[in-house]
Amino acid sequence: MRLGITPPLFTMTPRGHAPWEVDAVFDDVVPLVEAADRLGYEYLTCSEHVIIPDDVAAVRGGRYWDPLATFGYLAARTTRIRFATYVVVLGYHHPLAIAKRYGTLDRITNGRLILGVGVGSLQQEFELLGADFDHRGARGDDALRALRSSFGRLRPEYHGEFYDYEGVLVDPCGVQQTVPLWIGGRTARSLRRAVELADGWAPFGLSLDEQRAMLDRARGTDAWAQRHGASHLPPFEVVLPVGHVLDPVGQPDAARRELEALGGIGATMVNANFRHRSPSHYVEQLEAMVTIAAAV
């Protein structure tokens, strides 16, 4: 079972963080990422929100570190772990801006980028940034097609409904011309979008039964068969979050059952979230989880 993590500090959601994270600094978290790199974790995540309105922060949280800057530093402190944006909101950026900025990160990390994206749902943020909220789905689909055609290309070209360009130079560009594209979300449409236009589904906020039902429906579609038969694309990943915080040190059997349940509905990777009292305790949990996953 391949594991990823959403590290402490970078996102602060209500009741979703440990007390020590409130006053933590970046230097507290870097050793945790280095430990995950050393232990063989597949990826770590960082989410994007540019601004959060005051009334929304009580529900979604108000702290979101910028993934590009965060990953740029952590790339120099690691050797193999991958960096997954979870997620970049497509409507906030032109596809060429994503291809250039995250393509530069991909080159710096020698191809360790996973580009997790979503169409977004926070209307106030769209409006404050001057982005189109009403057409975000169609615009996001076009942006995905543009990214598939453009990422890792020195001279990208694309002609679509919302984005149209040729005769341009993107230098540097990404190392990966087929950078893994994951779709975040919690709707059946997000899974359809992932199957039709991307390389993985990374949902959030869904129960195990909801995820199972969505995946069962998707497996019966022609799009699923076509995507899994596309040998020129990366393997399709089902990246499922744990349903609750895990305590592999104190409750290893419960952690094992959680991994088995997620694997049973088709997870190819699991985004782990741990109970932790301190940075050193978090490392202990990382170590214990690797041992448990190896036996699943």
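The values are calculated or read from the model by the stated rules, or taken from the named source; none is laboratory data. From a predicted model like this one, the values you see are computed outputs, not experimental measurements. Quick reminder, even Gly has a Cβ in these numbers, built from the backbone with ideal geometry, and neighbours come from all protein chains shown. The area values use the complete protein model at the heavy-atom level, side chains included, leaving out ligands, DNA and RNA. Shrake-Rupley method; radii C 1.70, N 1.55, O 1.52, S 1.80 Å.
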Item checked: For the stretch 1-115, fraction of C-alpha pairs farther apart than 18 Å, in % -> 52 percent
Check: How high is the relative contact order of the chain, given as a whole-number percent (alpha carbon pairs under 8 Å, six or more residues apart)?
Finding: 18 percent
Check: Full extension from A188 to D23: what is 0.36 nm times the residue separation minus their Cα-Cα distance, to one decimal in nm?
Finding: 55.6 nm
Notebook entry, point to check: Sorted by packing (mean other beta-carbon atoms within 10 Å per residue), highest first, where do 59-68, 38-47 land?
Noted result: 38-47, 59-68
Next item on the list: Could you grab the relative contact order for the stretch 1-82? Cα pairs under 8 Å, six or more apart, rounded to a whole percent.
Entry: 42 percent
Margin query: Multiplying the sequence separation of A76 and A254 by 0.36 nm and subtracting their Cα-Cα distance, what value in nm do you get?
Written below: 60.6 nm
Margin query: Just to be sure I understand: if I project the alpha-carbon convex hull of the stretch 182-296 onto a plane and average over all orientations, what area do I get in nm²?
Written below: 7.5 nm²
Notebook entry, point to check: Rounded to the nearest 10 Å², what accessible area does E210 show when all protein chains are kept and the probe is 1.4 Å?
Noted result: 90 Å²
Notebook entry, point to check: Label A57 and E157 with points 7 Å out from Cα along Cα→Cβ: what is the distance between them in nm?
Noted result: 4.8 nm
Margin query: 7 Å from Cα along Cα→Cβ at both Q177 and R2: what's the point-to-point distance in nm?
Written below: 2.2 nm
Check: Based on Cβ point charges of +1 for Lys and Arg and -1 for Asp and Glu, what charge dipole magnitude is obtained for the stretch 1-159 about its Cα centre, in debye rounded to the nearest 20?
Finding: 820 debye
Note to self: With Kirkwood's inverse mean 1/r over C-alpha pairs for Rh, give me the Rg to Rh ratio of the stretch 80-180, two decimals please.
What the structure shows: 0.97
Item checked: Helix-only [θ]222 nm of the chain, DSSP H runs n ≥ 4, -39500 (n - 2.57) each, per residue, nearest 500 -> -13000 deg cm²/dmol
Check: Using only the Cα atoms of the stretch 125-211, what do you get for the radius of gyration and for Dmax, in Å?
Finding: 15.0, 48
Check: Once the whole set of protein chains is in place, how much accessible area is left on H281, using a 1.4 Å probe, in Å² to the nearest 10?
Finding: 20 Å²
Note to self: I need the peptides 191-203, 137-149 ranked by packing, meaning the mean over residues of other C-beta atoms within 10 angstrom, with the highest value on top.
What the structure shows: 191-203, 137-149
Next item on the list: Calculate the all-directions average of the projected area of the chain's alpha-carbon convex hull, and give it in nm².
Entry: 15.0 nm²
Check: Hey, got the dipole for the chain? About the Cα centre, +1 on K and R Cβ, -1 on D and E Cβ, debye to the nearest 20?
Finding: 600 debye
Margin query: If packing is taken as the average number of other Cβ atoms within 10 Å across a peptide's residues, how do 259-265, 129-135 rank, most packed first?
Written below: 259-265, 129-135
Check: Which whole-number percent is the relative contact order of the stretch 174-274 (Cα, under 8 Å, 6+ apart)?
Finding: 25 percent
Item checked: Estimated FRET transfer efficiency (L169, E287; beta-carbon r; R0 51 Å; 0.05) -> 0.65
Check: How far is the Cα center of the stretch 193-237 from the Cα center of the stretch 65-81, in Å?
Finding: 28 Å
Next item on the list: Rounded to the nearest Å, what's the spacing between the alpha carbon centres of the stretch 150-191 and the stretch 44-59? Just the number, please.
Entry: 25 Å
